Amino acid sequence: MLNNVVIACQTLRDELNLAYALTNCTYPVIFLDSEYHSDPNKLRKKLQETVDSVKDADNLLFAYGCCGNGLVGIHASTANLIIPKTEDCISMVMSKPGEKYERVKETYFLTKGWIESSKSISKEFENALKKYGFKKTKMIFEIMLKNYKYLMLIDTGAYDVSEYIPKAEEIARMTSLKLVLEKGDIWFLVKLLKGPYDQDFCVVKKGEKVTVEHFGFTDKDSFHQDSIVL
């Protein structure tokens, strides 16, 4: 029996918990704060520290995608690394088996995990309100999100999405984006726990480093949703 450990982004906690329940998985899991997404270099450093700290594991299973190249350069120092071959967690929960998810252009994505994140667009708006007042805050956010037209709330099936529609509507109003609701899926996380680790995954052997080529795309293809940090 292989000794596997999961390393996961906090934003995927609900989805991963559901995948654990569906698979009866008992692998230990290490959750990392979503704040590291604001800087791929910080994310890479934190993930490397986590990889280096794990002892006696055969495989480290990542509930992460490439994440703006934040995983590129990580050294498999203590175990093999198994990473979903996706751009990020949004692509992970929006893709279908055997199909690459084609992003809806000009869209900012939300899930329960992203709404509740310490760096969520909602919390940053609230922080800006205290700092600048409503009029200036709204102007700042409209400028920062000028390349977006839509706000997509994803129903991953891991929570009651109706509880988060009011918050998504509030964010849409304050950012002048059009709200859309889309159905997602957690099949990728289920497969991460169960295998097989086929063409859907990057398999980085112990002693090797993660490269862009592991994900099957070039630097320019690696997506990273803008973080709102004021």
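At a Cα cut-off below 18 Å, give the lysines reachable from LYS100, other chains included and same-chain residues fewer than 8 away excluded. Partners within reach: LYS85, LYS183, LYS191, LYS220. Rolling a 1.4 Å probe over the heavy atoms of the protein chains gives region 79-154 an accessible area of 49 Å² per residue.
Between THR111, THR50, THR11, which gets the highest mean-square fluctuation from a Gaussian network model of the chain, Cα cutoff 10 Å? Greatest mean-square fluctuation among the candidates belongs to THR50.
Under 5 Å from the amide H of PHE31 lie the amide H atoms of ALA8, each residue being 5 or more positions distant or on a separate chain, with H modelled from the backbone and absent for Pro and chain starts.
Once a ≥ b ≥ c are taken as the square roots of the eigenvalues of the Cα gyration tensor of region 96-164, is the result rounded (a/c under 1.5), prolate (a/b larger than b/c) or oblate (a/b not larger than b/c)? Oblate is the answer for region 96-164, as a/c is 1.5 or above yet b/c matches or exceeds a/b. Residue by residue, region 202-209 carries 3J(HN,Hα) couplings of 8, 10, 10, 5, 3, x, 9, 10 Hz when phi is fed to the Karplus relation 6.51 cos²θ - 1.76 cosθ + 1.60 (θ = phi - 60°); x denotes Gly or Pro. Modelled spin-label separation between GLU182 and GLU163, with each label point placed 7 Å from Cα along the Cα-to-Cβ direction: 2.4 nm.
According to the calculation over all Cα-Cα pairs in region 1-81, the P(r) per 10 Å bin from zero is 18, 52, 28, 2 %. Loop-located GluC sites (Glu not before Pro) in region 161-204 (DSSP state other than H, G, I, E, B) with a sparse environment of at most 16 neighbouring Cβ atoms within 10 Å are absent.
The simple spin-label model puts a point 7 Å past each Cα toward its Cβ; for GLN199 and LYS131 those points are separated by 4.6 nm. Only DSSP H runs of four or more residues enter the estimate; each adds -39500 (n - 2.57), and after division by the residues of the chain the mean residue ellipticity at 222 nm equals -10000 deg cm²/dmol.
How large, in percent, is the carbon and sulfur part of the accessible surface of the chain at a probe radius of 1.4 Å?
51 percent
You can think of it this way: the chain between TYR150 and ASN17 has 45.0 nm of extra reach, that is 0.36 nm per residue less the Cα-Cα gap. On a 0 to 90° scale, report how tilted helix 165-175 is relative to the longest principal axis of the chain, with both axes built from alpha carbons and the result rounded to the nearest 10. Taking the Cα atoms of the chain, the angle to 165-175 is about 60 degrees.
Each residue of region 42-55 is assigned a 3J(HN,Hα), and the resulting list reads 5, 4, 4, 4, 5, 5, 5, 4, 5, 4, 5, 7, 7, 10 Hz, derived from the Karplus form 6.51 cos²θ - 1.76 cosθ + 1.60 (θ = phi - 60°), x at Gly and Pro. I'd like the GluC sites (Glu not before Pro) in region 98-151 restricted to DSSP loop residues with at most 13 other Cβ atoms within 10 Å, sorted by number. Passing sites in region 98-151 are GLU102, GLU106. Between the listed residues ILE140, ALA158, ALA168, the Cα displaced farthest toward the positive end of the dipole of region 120-178, a dipole computed from Cβ unit charges relative to the Cα centre, is found at ILE140. The H on the amide N of LEU151, modeled in the peptide plane, is under 5 Å from the matching H of TYR108, LYS178, LEU179, VAL180, each at least 5 residues off or on a different chain. When the listed pairs LYS96/LYS167; LYS45/LYS206; LYS96/LYS194; LYS55/LYS206; LYS105/LYS131; LYS55/LYS205 are checked against a 21 Å cut-off, the alpha-carbon distance exceeds it for LYS96/LYS167; LYS105/LYS131. Specify whether the C-alpha gyration tensor of the chain places it in the rounded, prolate or oblate class, a ≥ b ≥ c being the square roots of the eigenvalues: rounded for a/c under 1.5, otherwise prolate if a/b is larger than b/c and oblate if not. Since a/c reaches 1.5 and a/b is larger than b/c, the shape of the chain is classed as prolate.
Placing +1 on each Lys and Arg Cβ and -1 on each Asp and Glu Cβ, with no other charges, gives the chain a dipole about its Cα centre of roughly 640 debye.
The values are calculated or read from the model by the stated rules, or taken from the named source; none is laboratory data. Note that the structure is predicted; figures quoted are calculated from it, not measured. Methodologically, a virtual Cβ is constructed for each residue, glycine included, from the backbone with ideal geometry; neighbour enumeration extends over all protein chains shown. Side chains included, ligands, DNA and RNA excluded: accessible areas come from the protein's heavy atoms. Shrake-Rupley method; radii C 1.70, N 1.55, O 1.52, S 1.80 Å.
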